[in-house]
1. Do the conditions hold for residue 300, that is, is it assigned to a loop (DSSP other than H, G, I, E, B), open to solvent by less than 10 Å² (accessible area, probe 1.4 Å), within 21 Å of residue 423 (Cβ to Cβ) and touching a helix residue (DSSP H, G or I) at 6+ places or on another chain (Cβ under 7 Å)?
2. In the stretch 195-257, which helices (runs of 4 or more DSSP H) lie fully inside it and hold 2 or more residues that are farther than 30 Å from residue 347 by Cβ, open to solvent by 10 Å² or more (accessible area, probe 1.4 Å) and not hydroxyl-bearing (Ser, Thr, Tyr)?
3. Evaluate the following for residue 400: is it more than 23 Å from residue 332 (Cβ to Cβ) and either of a type in the set (D, E, K, R) or open to solvent by 20 Å² or more (accessible area, probe 1.4 Å) (or both)?
4. Please give the number of the condition residue 69 fails out of (1) open to solvent by 20 Å² or more (accessible area, probe 1.4 Å); (2) without any contact (Cβ under 8 Å) to a residue 40 or more places away in the chain; (3) part of a helix (DSSP H, G or I).
5. Starting from residues that are touching a strand residue (DSSP E or B) at 6+ places or on another chain (Cβ under 6 Å) and buried (at least 23 other Cβ atoms within 10 Å of the Cβ), keep the ones in the stretch 107-133 and report whichever is farthest from residue 75 (Cα to Cα).
6. Does residue 78 satisfy the condition of being within 30 Å of residue 183 (Cβ to Cβ), within 20 Å of the chain's Cα centre (by Cα) and buried (at least 17 other Cβ atoms within 10 Å of the Cβ)?
7. For the stretch 166-180, which positions are open to solvent by less than 70 Å² (accessible area, probe 1.4 Å) and out of contact with any helix residue (DSSP H, G or I) (no Cβ under 8 Å at 6 or more places or on another chain)?
Amino acid sequence: MSVEMLINGAIFTLVISGLLAALLMFNKPLSGLIAGLGGVLANLAMLLAGGQVLLGITSASDFTLPVGNWSLHITALNGLWLVVFGLPGIFVSLFNISWHRHPATQSNGLLINMLLAAAILAVVAGHLVMLVIMAEIMALCALFLTGCHQASKVWFVLGRLGTLLLVMMCVMIWRTYGTLNIAELRLLMVTLPMSSATWMLGLIGFGLLAGIIPLHGWVVPAHANAAAPAAALFSAVVLKVGVYGILLLSLLNTTLPLWWAIVVLLLGMVTAFVGGLYALMEHNINRLLAYHSLENIGIILLGLGAGLVGVSLHEPLLIALGMVGGLYHLFSHSLFKTTLLLGAGAVWFRTGYLDIEKLGGISKRMPLLALAMLVGLMSMAALPPLNGFAGEWIIYQSFFRLGEQPAFISRLLGPLLATGLAITGALAVMCMAKVYGVMFCGAPRTQAAEKAYSAPWLMNISLVALAFFCVVGGIAAPWIMPLLSYAVPLPLVTNQTMVSQPMITLLLLAATLLPVVLLIICKDGRLPFRSRGSAWVCGYQYEQAMSITASGFAQPVKVMFALVFKLGRILNPASLLPGWQTTSLPVLFRRVAFIELTVLLVVVIS
């Protein structure tokens, strides 16, 4: 089946199943089933289309969307984005079928499928206007999926600001080149490069969508208040469209100014560090994971920024290391963050809590979910042999290479960025220990946590499959990374170092099994097992208050970085805006957003 048929089929399936789901909203389980099955088929088609181009089975192609006569352009680079959306999207759609069976959830099939359709068209758009319109439709669908008027208020303002900046960027490009066709612009910019003012408008516009700090105001409230399938799509899809826009705009110029790449690197470092730091302070699991999404967007930008420095300095190895590291982490983040956000949703499904302080002991009651979450958390903390480690390892290599460049700024930034990424990694490991220790270990802190039981089988299948892909993405990274050669057609050679993921896997398995082996060998002569009694600590009877808490875990870091948190409160502009807290404002924004979405859909179809 051709790429054109697969893309058109995916869009058609998402739209039709979404409309059917909306018509069947009076029967919520049936509505969820229709939307979920349509989502699975469409995401599978998207995965196949992206995979064909990415693996070089089909060459880059141009075709026209039957509805609206929009031109589409698929290359290996945006084919990767289709794979990044498609693989997690399959399991989000499956999970969403069971999600509709909870009495407190609302039907969301139409918005979820519309968001996915708009995201596909945004990354394969052959025209900048189409990219901006589709990104806007996707953002408006995300706004209605937040499920909270206050959260959608921030999203409305920041999203419209980003769109306004992107429209201004398009106007400036049109006035300079007389076209907004991406292929034509690439040719024209060989002789007349893009101005820095135009690039800055695009960087801020797409940066608002990608959640770059300090443009991230919508990300955390939206994740915290959205349903689990929607929150997973925010991290796996919406943020990634913003990253795609930044990369596309930067690569349009054949002569890339060095300071553009340096700006991307610095923004990536700030986003990664502040995101990781704030995540450690959160007790709401969705807010915590949202901050970690920001951290990972920062890490992706660090890799892509290093690649852009390579483009600017005409250094092929630096381009290959930076781009492959950034793109692989983009793929990995979609997988492990979907695992974690869906896992948090499954916990809420059975307990009604997202506050980790009110959970505890979940691993005994939901073992499959606990295992999947452990894999996701370890991957988020970039621990080998999981996929989160593989991408970050290549990004470290790009920093080592950056430090060897003759330019002073490169020699300065290389070691500094490597150190900063290491500190960010340490924060992520602390966060992993906090979440798993407080949420899944120890004794239950509430009656709901004590009575929790296994999630529905469709949720468990989705979580286990996603965790499995996190493991495969790490162990098989030496064989998967070369598949990016069509997207980044440069040889990937590490900096006189080598890491073997399979060997690391064997060592980790051996280290895990070593105590068991020693127990078997040394079993003779041991006393028989004693019957279990009540737990005790230093002669005192165990009390629930002895369990470690999330607040106690994060307190030393909170004291250490008190100045950073104080600065964050001072720089928050919400308190300075007159009328920002009025109750009528969110309602007004949602009505305006509904009108805008309707107008845009009419424009696209006509």
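1. No, not satisfied.
2. 196-210, 239-252
3. no
4. Every listed condition holds for residue 69 apart from (3).
5. Looking at residues that are touching a strand residue (DSSP E or B) at 6+ places or on another chain (Cβ under 6 Å) and buried (at least 23 other Cβ atoms within 10 Å of the Cβ), I get 131.
6. yes
7. Matches in the stretch 166-180: 178 only.
A quick yes/no check of all residues on (1) touching a Ser or Thr at 6+ places or on another chain (Cβ under 7 Å); (2) of a type in the set (A, V, I, L, M, F, W, C):
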residue: 370; (1), (2): yes, yes
residue: 378; (1), (2): no, yes
residue: 388; (1), (2): yes, no
residue: 391; (1), (2): yes, no
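The values are calculated or read from the model by the stated rules, or taken from the named source; none is laboratory data. What you see is a predicted model, and the numbers here were worked out from it, not measured in a lab. As a convention, Cβ positions derive from the backbone with ideal geometry for all residues, glycine included, and neighbour counts pool all protein chains shown. To get the accessible areas, we keep the full protein, side chains included, count just its heavy atoms, and leave off ligands, DNA and RNA. Shrake-Rupley method; radii C 1.70, N 1.55, O 1.52, S 1.80 Å.
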